[in-house]
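Quick notes on the structure that follows.
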Amino acid sequence: MIFREEDRKTVRECLLEWHCHEIVISQPKLNDGYELKGYGTIKSNDSGGLYLDFICLESNKRIDFKSPVPEDSLDKNQCVEMRATTINGAVISSSGLRIEASFQQMLKEDPKLYRLGLSKIEIFEDYDPVTSHNAYLHLEFNEKVRIPFNKSNTTESSLGTKSLAWNQAVIEHEGFEINLINHDNFTEVYAKGEGLNLPDLRDVLIFYLGFSSGLFIQPYFEYYGDSSGCKTIINSIDIKKVRKSIPSPISDLVYDENNKSLSHFHYELLKNILEVSKKNPNYFESIYSQWTRVWHSFLSPEFSVPMLTISMAVEGILNDIFIPVIDSLARDESFEKEKERIKSIVSSIDGVSSEHLETIQIFVGKWGNTHAKKALHYLSERNIIEALQLKCWEKLRNSSAHPKLLKQDEARVRKNYERTVVCLGLFYRLALNVFSYKGAQYSYKKLKDGKLVIYEYVNLLH
């Protein structure tokens, strides 16, 4: 089944409707698991979610309305999977389903109607001549990303008028090519080359485009192809998140004093993220997960949520990435030997229980350890961050961790906003340093700060 443009359009516009004449829903990892057989229709709702209207003709066990299937969604052995065949012969699979029966459904004999949510559906194919030699990735999503474009395209309207638009970016890196095209109401990304790890490349592209644009990218369509076969994934998305954004760390339009574009720094950021994801995947995963939390925190109606999330995200990056490196660079061997000597003396004390002695030794072993505030002081002294950011983070961290029932007057609210913006800039400074970014970035020293600054890159990690 080749997913053509008209098929992708039905997903994009939430008009998907696939009729399946054969459906099996089961728990394959359990010997006594549920197995239901029947037919149904896969659809998408107005919010972008996928669901299955399933007509159950046969089941090996009755589903109790008090006991959904699976009973424990965290137990992988109880995972509910679906395998369906459409009327045009495509074989579709999905996993992570949840079946709930009403009291009336429990008492009724088959056939029964169940409406089941689907997080995603997958279609596998054995061979595609387009991707038989090179690895090939194709993504589509509704978000309009903000990156510099380096190629124009001519479009023709239904009335025959032509227009020129700079809406495409072509980025080449180490034997593969990435094409990104912004259309009026969606964006598509293509990548091809030899020896690509397509799932890893997908994660890097999604992060790079979302992080640099302040958007949470939700691909509704994913296509993976290489010599071993092809796979199409259709994802449920949340339409409400499509047009929402947060302040981004960098701009897509930056020029120097001679009006020369500095877009190459933007493309280098993608290449650097790729390198970090290969050489230090834990660095990439830490920043990606923390940024995702930060983005979602801005959806909360309570501003205390992004305040706490951003302060903790900074601490998370420090603990995961910077503090281990700072500890190794600032290690004082004489001090470490003195700690070991004291621990040895403590271990020989008589009349104290072994549990208490061990507790004291652990406490001594932590002397001189680098905590988040100490790490920020270290980074400030080396001009990786600024003293203002350190000060604002300390105040934001304390006020978020130890909230007080104070009257939220206009001055206090504004102060919280200002500190949060500065700390968001701190989070971005740390993340961009990890990715060796040398271009212009927003300073975020105050509210509505649109000033772009090129900071001197200090290599601490690589």
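Coordinate-derived values only; no laboratory data. The model shown is predicted, which means the values in this text are computed figures rather than measured ones. With ideal geometry, Cβ positions are generated from the backbone for all residues, glycine too; neighbour counts draw on all protein chains shown.
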> When Rg is the radius of gyration of the Cα atoms in the range 41-99 and Rh is its Kirkwood radius, what does Rg/Rh come to?
Replying inline: 0.99
> Any idea what angle helix 387-401 forms with the longest principal axis of the chain, computed on alpha-carbon atoms, 0 to 90 degrees, nearest 10?
Replying inline: 70
> Arranged from highest to lowest average of other beta-carbon atoms within 10 Å per residue, in what order do the peptides 63-76, 314-327 appear?
Replying inline: 314-327, 63-76
> Under a point-charge model restricted to the Cβ atoms of Lys and Arg (+1) and Asp and Glu (-1), what is the dipole moment magnitude of the range 5-120 relative to its Cα centre, in debye to the nearest 20?
Replying inline: 120
> In a Debye calculation with equal point scatterers on the alpha-carbon sites of the range 5-120 and no solvent, what is log10 I(q)/I(0) at q = 0.11 Å⁻¹?
Replying inline: -0.36
> Going by alpha carbons, how many degrees (0 to 90, nearest 10) lie between the helix axis of 333-347 and the longest principal axis of the chain?
Replying inline: 90
>> Given the options P28, L74, G38, identify the residue whose Cα lies farthest towards the positive end of the charge dipole of the range 5-120 (+1 on Cβ of Lys, Arg; -1 on Cβ of Asp, Glu).
In response: L74
> Could you give the dipole magnitude of the chain about its Cα centre, charging the beta-carbon of Lys and Arg +1 and that of Asp and Glu -1, in debye to the nearest 20?
Replying inline: 1840
> E71 versus R293, label points 7 Å from Cα toward the beta carbon: distance in nm?
Replying inline: 3.3
> If packing is taken as the mean number of other Cβ atoms within 10 Å per residue, what is the order of 194-201, 7-14, 428-435, highest first?
Replying inline: 428-435, 7-14, 194-201
> Taking the alpha carbon gyration tensor of the range 251-305, what are the square roots of 5 times its eigenvalues, largest first, to the nearest whole Å?
Replying inline: 28, 21, 6
> Considering the dipole of the chain built from charges on the beta carbon (Lys and Arg +1, Asp and Glu -1) around the Cα centre, which of V413, S277, A191 is farthest to its positive end?
Replying inline: V413
> How much length, in nm to one decimal, is gained on full extension between N259 and D64, taken as 0.36 nm per residue of separation minus their Cα-Cα distance?
Replying inline: 63.3 nm
> What pairs from K37/K120; K240/K404; K260/K446; K29/K192; K29/K241; K76/K373 go past 30 Å between their alpha carbons?
Replying inline: K240/K404; K29/K192; K29/K241; K76/K373
>> Which residues among the range 309-325 fall inside the zone where the amide N is under 20 Å from a point 7 Å beyond the Cα of N398, along Cα→Cβ?
In response: 309-316
> Just how far, in whole angstrom, is the range 388-462 from the range 50-105 if you go by their alpha carbon centroids?
Replying inline: 46
> Can you give the angle from 0 to 90° between the axis of helix 281-297 and the longest principal axis of the chain, with both taken from C-alpha atoms, to the nearest 10?
Replying inline: 80
> Of L116, T309, Y437, which is farthest along the charge dipole of the chain in the positive direction, counting Lys and Arg as +1 and Asp and Glu as -1 at C-beta?
Replying inline: T309
> Sequence-distant or interchain residues sharing an amide H contact under 5 Å with Y34, placed H: which?
Replying inline: Q27
>> Under the rule a/c < 1.5 gives rounded, and otherwise a/b versus b/c splits prolate from oblate, where does the range 218-334 land using the Cα gyration tensor?
In response: rounded
>> Over the Cα atoms, compute the radius of gyration (one decimal) and Dmax (the largest Cα-Cα distance, rounded to a whole number) for the range 129-245, in Å.
In response: 15.0, 44
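If the viscosity is 0.890 mPa s and the temperature 25 °C, what translational diffusion coefficient in µm²/s does Stokes-Einstein give for the chain when Rh comes from Kirkwood over Cα pairs?
It comes out at roughly 94 µm²/s.
Using a Förster distance of 30 angstrom, determine the FRET efficiency expected from the C-beta separation of N383 and E177, and round it to 0.05.
For R0 = 30 Å, the calculated efficiency reads 0.25.
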>> How would the range 344-462 be classified by its alpha-carbon gyration tensor: rounded, prolate or oblate, with rounded meaning a/c under 1.5 and the a/b versus b/c comparison settling the rest?
In response: oblate
> Working out 0.36 nm times the residue gap between K415 and I345, then minus their Cα-Cα distance, what length gain in nm do you get to one decimal?
Replying inline: 20.2 nm
>> If I take R0 = 51 Å and measure r between the Cβ atoms of H356 and L30 in this structure, what FRET efficiency does the formula 1/(1 + (r/R0)^6) give, to the nearest 0.05?
In response: 0.60
> Using alpha-carbon positions, what is the distance between the centroids of the range 25-46 and the range 272-292, in Å?
Replying inline: 36
> Put a dot 7 Å past each Cα toward the Cβ at K337 and Y51; how far apart are the dots in nm?
Replying inline: 7.1
